[in-house]
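Below is one structure, written out as structure tokens; comments come after it.
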Amino acid sequence: MAGLLRRIKRTVKFSPVWPILRPRRFHGYNLGAGRTGTTWISEVFSENYRSAHEEQSLETIKLIESRWKGEISESVVRRRLRTRDRKRRLHFESTNFLVYLCDHLVEIFPDAKFICTVRSPGSWLRSNIDQCLNNPRDRLAESADHYRRLRDLNYGAPPDEYPPEEAPLAEHNLHSLSGFLEYWSWHYERVLDEVPKDRLLILKTEELDTALPRIARFMDVSRRSLSRPKRANVSSEDHGILDPIDEKYIDKKTQKICGKVMEKVNKLNGQIYYD
């Protein structure tokens, strides 16, 4: 009986009647990098709309890996993204790794709008390192190997040799500073390159508490329909791994790798464009 019900449900989801049974008031994504308020943004919509954080993570990361390795065609990627969307027909999704697929999301969902939460690269770097230490690679390999593979795709595997200045990172088998910072720069450059500016709202993490009116206006929903969540997904421990490293070394590397992209982000922060 259960198997029959699953087959019926799947048939309905892929029929023309499904969008009628599961209508959407709007459709949106947050493409911000992890540790920028992605959980908070998903909870803004969760009280009155279908909203999720890191939806279908295992299947989505596998899709990203297959595309990255050239194992599947772009048409297959688009078909799987449509299938993925039909499963729940979310109003809003906040999933940092969808940045790898945002070119297709822009194309196959022309009515979708995109929020992008941004944290300054220095603050983001420290938060990500704490997150990596609180969830070590060997533990992820046992319980959530797809997240470990995603980390290595994002930041590069921990190097065999580190610059002498980065000895504290080597001690903990962490990714290099360049690996972290180059990902930050790539992530936001990709969003700015792939998402049309009239469908994009850039929000800084430190401004989220006052951003609800802008979010409501951008998504064209009532401000009253949005929630104001408490801070979520805060790192459980601040390890201070970067404290022994010369601050000038970190600042110089951060500016060199992230400076130009940060300038572009600052120009678009909080702006809403209309045709």
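The values are calculated or read from the model by the stated rules, or taken from the named source; none is laboratory data. Worth saying up front: this structure is predicted, and the values here are computed from it rather than measured. Please note: Cβ atoms are built from the backbone with ideal geometry, for glycine as well, and neighbour counts cover all protein chains shown. SASA here: full protein model, heavy atoms, side chains in, ligands and nucleic acids out. Shrake-Rupley method; radii C 1.70, N 1.55, O 1.52, S 1.80 Å.
Structural remarks
- Nearest-ten-degree value, helix 57-68 long axis tilted from longest Cα axis of the chain: 70
- Other-chain or far-sequence residues with amide H under 5 Å of residue 201's (modelled H): 114, 115, 116
- Straight-distance crosslink candidates among aspartates and glutamates, where the alpha carbon sits under 16 Å from residue 87 and sequence neighbours closer than 8 are dropped: 54, 55, 59
- Separation between Cα centres of region 84-100 and region 35-75, rounded to whole Å: 5
- Region 186-275 - charge dipole about Cα centre, Lys and Arg +1 at Cβ, Asp and Glu -1, debye rounded to 20: 360
- DSSP bridge pairs, the chain: antiparallel proportion in percent, nearest 5: 0
- Between residue 225 and residue 237, the modelled labels are 4.3 nm apart [label points 7 Å from Cα along Cα→Cβ].
- Shape call, region 139-185: gyration tensor on alpha carbons, a/c limit 1.5: oblate
- For the chain, the longest principal axis of the Cα atoms and the long axis of helix 247-268 meet at an angle of about 30 degrees.
- Altogether, the Stokes-Einstein calculation at 25 °C and 0.890 mPa s, with the Kirkwood radius of region 83-155 over Cα pairs as Rh, returns a diffusion coefficient of 167 µm²/s.
- Relative packing of peptides 26-32, 241-247 - highest average C-beta neighbours within 10 Å first: 26-32, 241-247
- Values of log10 I(q)/I(0) for region 173-255 across q = 0.21, 0.24 Å⁻¹ run -1.14, -1.22, by the Debye formula with one identical scatterer at each alpha carbon and no solvent.
- Calculation over all alpha carbon pairs of the chain in 5 angstrom steps from 0 returns a P(r) of 1, 5, 11, 16, 17, 16, 14, 9, 5, 3, 1, 1, 0, 0 percent.
- Whole-percent carbon and sulfur share, accessible surface of the chain, 1.4 Å: 48
- Sparse-neighbour loop sites [trypsin sites (Lys or Arg not before Pro); region 61-168; at most 16 other C-beta within 10 Å; DSSP]: 69, 89
- Across every pair of non-identical alpha carbons in region 12-125, the mean reciprocal distance, once inverted, gives a Kirkwood radius of 14.9 Å.
- Tensor-based shape of region 127-237 (alpha-carbon gyration tensor, a/c under 1.5 rounded, otherwise prolate or oblate): prolate
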